[in-house]
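Structure first, then comments.
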Amino acid sequence: MTKEELLEKANSLPLAPGVYLMHSRDGEVIYVGKAKKLKNRVSQYFQAGRGHNLKTHAMVGQVDDFDTIIVGSEFEALVLENALIKQYMPRYNILLKDDKGYPFVRLSREAYPKFSIVSRVSDDGARYFGPYGGRFETRSALDAVRAALHLPTCTKTFPRDIGKERPCLNHHMGRCDGFCRAEMTAEEYNRRIDLAVQLLEGKIRLVTGTLEEEMQAAAENWNFEEAAALRDRIAAIKVLSKRQKVFAGVCADTDVWGLYLGIKCCYAVLHYEDGQLTGREAELFSASGLEEEAEILSALLLQYYGGKPVLPREICISAEIEDQEVLEQLLTEQAGHKVSLRVPQRGERVQVLQMAAANAREEAERQTTNQERIDKTLELLGKMLGLPEAPVWMESYDISNTGAEDIVASMVVFHGSRPAKERYRRFRIKELEGHPDDYRSMEEVLTRRLTHYMEQDKKFMPLPDVMLIDGGEQHAKVARRVTERFGLAIPIFGMVKDDRHRTRALVTPEGREIGIKGTQAVFTLIGRIQEETHRFAITFNRESHGKSVKGSALDNIPGVGEARRTALLKRFKSLKAIKEASLEELQAAVPKNAAAAVYQWAHSTQDD
């Protein structure tokens, strides 16, 4: 369908709440959204002149058709949207990598039951404990319970593997009692499992009391080796009771969310119970990197908590979200108690939010390689600029002058995120007369650069994937005019600076600004390119200016070459001082004949 046909279809929708599904040409669901009023929301996608962000612009370009589902309320739309996102996993929606939630400890139902950690309770006859805080902390606590009771942690299956092999290293190190040995019974194994269950239920005193009775009985029967083993087990359980707060409650009181939107996007959730941090989860998620923080939070919260049986009473987030009241209603009905979404503005909760964000950043950076950072940065830049592919070769230009004379230009080349210094080029402006003119200077530079290319000069090949011009819309227009004159289509953007001389945005020759400050990786890369281009131009200008004011006048004096010019400047520091020097002072710096020539030049110049 054409955009006009899509708009006509959207305008025929009712002003009712519902969910819409955008389809690509091959029928794939590429985006799922919800709306209070379907007609208003869906028609906005296809109206000319709408200020869509780059993600929405890219998505709309892929839409061939759409479906809608009308529901009775905004609440029902929210629930349905979440279900459809999980069903279709559309590429333009923000997606969790996995359906994460509070972990449960599962005890299987078999002759030799085993513990495992799962995301949800199933109706499979197994026994479940929890939910608890973070997965890492829950796993650590479960391992500590197994270690305290000397239960196996290996992958052997009982009774199938009993007696087949020698016990593993854990048994020899005293960490497991070797239930793979023939002399160990199923009754003893299940007795230990029962003790582990009591620990998970918080009945630590009951377990230690039972073991203390067994220890006393073993000692009275002169079985001191078994009594010592029981004593060590009791000590381990007492330490466990102090360390593992994860087993203290059945639900979290507060969850605190932190986001990191970098090369890889990550969320971190800190779980608090009774004011104590009991766990942390940090996971990567899929996003284009162009969404607003509030939009991302809204999508993540719904996917993370949707369908979970136990929820915190309070969820702290860093930004207000559009559907906050509806989401609170959904989570409250789901949990059976009031669930509040809060955006702290001051106090300890703000500090905890910052800590959650730091956790998210650390996890994202840990899982990001340097090459991934480079590739993702270039991919984001390409998307922001509307390029068909990520740019590889980028050229940047800057003009520098100290008046009508000494006008120079620099051409800096980046290959990916690294400067390709062997491809840097310098230009001295030749055609300009009178006062400085950046536009005419840029036109001359690009004309000479592209002429070299057309003449197959290898020093100016290949052409870049994008040209970045130091300046605004008019500079970009000049560059576009030159490239079109050569019959070339090179994407061109001006670099617009802020009051701190940093590139805050890129601008097209048509005047459309593309903000880059919100995407840190791109902002940093463009900043590096701009600074390097400016540095290279200024360095050339200073060198050129130094030669013109210090060298050219002296070079015209008979008998004064480079060595004598250098000696004079080294001694007198400036042309003015040289002109004011006496003949004897000049003879102290250079030979008599050269000194006489300089003295004559200086006095004839003063007379003019």
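The values are calculated or read from the model by the stated rules, or taken from the named source; none is laboratory data. The model shown is predicted, which means the values in this text are computed figures rather than measured ones. All Cβ positions, glycine included, derive from the backbone under ideal geometry; neighbour counts span all protein chains shown. Note: accessible area is taken over every heavy atom of the protein model, side chains too, but ligands, DNA and RNA are not part of it. Shrake-Rupley method; radii C 1.70, N 1.55, O 1.52, S 1.80 Å.
Structure summary
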{"read-out": "Leading residue by the ranking (surrounded by the fewest Cβ atoms within 10 Å (Cβ to Cβ)) among those in region 391-426 that are at pLDDT below 85 and assigned to a loop (DSSP other than H, G, I, E, B)", "value": "G403"}
{"read-out": "Selection within region 432-461 - assigned to a helix (DSSP H, G or I) and over 13 Å from I407 (Cβ atoms)", "value": "L446, T447, R448, R449, L450, T451, H452, Y453, M454, K458, K459, F460"}
{"read-out": "Region 553-567 - residue that is farther than 15 Å from Q600 by Cα and not polar (S, T, N, Q) and, of those, surrounded by the most Cβ atoms within 10 Å (Cβ to Cβ)", "value": "R565"}
{"read-out": "Qualifying positions in region 427-448 - open to solvent by less than 40 Å² (accessible area, probe 1.4 Å) and out of contact with any helix residue (DSSP H, G or I) (no Cβ under 6 Å at 6 or more places or on another chain)", "value": "D437, S441, E444, V445"}
{"read-out": "Qualifying position, being outside any helix (DSSP H, G or I) and more than 26 Å from the chain's Cα centre (by Cα), among K39, K34", "value": "K34"}
{"read-out": "Selected residue [free of Cβ contacts under 8 Å to residues at least 60 places away in the same chain, part of a loop (DSSP other than H, G, I, E, B) and of a type outside the set (G, A, S)] from P464, P388", "value": "P388"}
{"read-out": "Some residue of region 212-222 being surrounded by 18 or more Cβ atoms within 10 Å (Cβ to Cβ) and in contact (Cβ under 8 Å) with a residue 60 or more places away in the chain", "value": "no"}
{"read-out": "Counted residues, region 225-272 - those being surrounded by fewer than 21 Cβ atoms within 10 Å (Cβ to Cβ), at pLDDT 75 or above and either farther than 25 Å from A360 by Cα or of a type in the set (A, V, I, L, M) (or both)", "value": "3"}
{"read-out": "E28, sole failed condition from (1) open to solvent by 50 Å² or more (accessible area, probe 1.4 Å); (2) on the phi > 0 side of the Ramachandran plot", "value": "(2)"}
{"read-out": "Residue count, region 70-89 (criterion: out of contact with any Lys or Arg (no Cβ under 7 Å at 6 or more places or on another chain) and either over 23 Å from Q324 (Cβ atoms) or assigned to a helix (DSSP H, G or I) (or both))", "value": "13"}
{"read-out": "Positions within region 492-507 being open to solvent by less than 80 Å² (accessible area, probe 1.4 Å) and either farther than 21 Å from L380 by Cα or touching a Gly at 6+ places or on another chain (Cβ under 8 Å) (or both), in sequence order", "value": "G494, M495, V496, D498, R502, T503, A505, L506, V507"}
{"read-out": "Hits in region 462-491 (condition: on the phi > 0 side of the Ramachandran plot and open to solvent by less than 50 Å² (accessible area, probe 1.4 Å))", "value": "G471"}
{"read-out": "For V42: the one exception among (1) of a type outside the set (G, A, S); (2) open to solvent by 10 Å² or more (accessible area, probe 1.4 Å); (3) out of contact with any Lys or Arg (no Cβ under 8 Å at 6 or more places or on another chain)", "value": "(2)"}
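Condition check ((1) surrounded by fewer than 18 Cβ atoms within 10 Å (Cβ to Cβ); (2) under 27 Å from L54 (Cβ atoms)) across all residues:
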position: A282; (1), (2): no, no
position: S286; (1), (2): yes, yes
position: L300; (1), (2): no, yes
position: A319; (1), (2): yes, yes
position: T332; (1), (2): yes, no
position: S340; (1), (2): yes, no
position: N359; (1), (2): no, no
